[in-house]
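Everything below concerns the one structure shown next.
The values are calculated or read from the model by the stated rules, or taken from the named source; none is laboratory data. All of these numbers come straight from a predicted model, not from anything done at the bench. Cβ sites come from the backbone with ideal geometry, for glycine too, and all protein chains shown count toward neighbours. What goes into the accessible areas is simple: the full protein's heavy atoms, side chains included, and nothing from ligands, DNA or RNA. Shrake-Rupley method; radii C 1.70, N 1.55, O 1.52, S 1.80 Å.
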Amino acid sequence: VQLQASGGGLVQPGGSLRLSCAASGSIFSINFMGWYRQAPGTQRELVARITSGGATNYADSVKGRFTISRDNAKNTVYLQMSSLKPEDTAVYYCFLLNRGAIYWGQGTLVTVSS
């Protein structure tokens, strides 16, 4: 199983950005996909996750600003980020929990700065 993330970049505070992560390989139909992030000097934290059925969970810090979605036919998860803040600056890692194993994407850097 491989995950390919894309969509990071530099954005001004208050701006928006959309991350994508496509999974390929032997993927069971029932699974979790989502995003973690890690800022310099901090531990990796869960941002959002979504089940194959569409149930979602968000970190309190992003509720109301970020939206996670997925396309099961494409095994792709998206993270729409709005009202971005400097504290959202981090490397964002997508993940797939599949048949009891967790797989990670390569990480994509999001920088929120004026």
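Here's the picture: a label point sits 7 Å out from the Cα of residue 42 along the beta-carbon direction, and within region 8-27 the residues with their amide nitrogen under 19 Å of it are 8-19. Working value for region 1-47: equivalent-ellipsoid semi-axes of 25, 15, 10 Å, each the square root of 5 times a Cα gyration tensor eigenvalue, largest first. Counting heavy atoms of the protein chains alone, residue 111 has an accessible area of about 40 Å² for a 1.4 Å probe.
The mean accessible area for residues of the chain, using a 1.4 Å probe and ignoring ligands and nucleic acids, is 52 Å² per residue. Largest accessible area first, the listed residues 44, 18, 70 line up as 18, 44, 70 when surface is computed with a 1.4 Å probe on the assembled protein chains. By a 1.4 Å probe calculation restricted to protein chains, residue 1 has an accessible surface near 60 Å², given to the nearest 10. Here residue 17 sits with roughly 30 square angstrom of accessible surface, probe radius 1.4 Å.
Each listed q (0.13 Å⁻¹) maps to a log10 I(q)/I(0) for the chain, found by the Debye formula over equal Cα scatterers with no solvent: -0.44. Taking 88, 60, 71 and ordering them by how much accessible surface each has at a 1.4 Å probe, largest first, produces 60, 71, 88.
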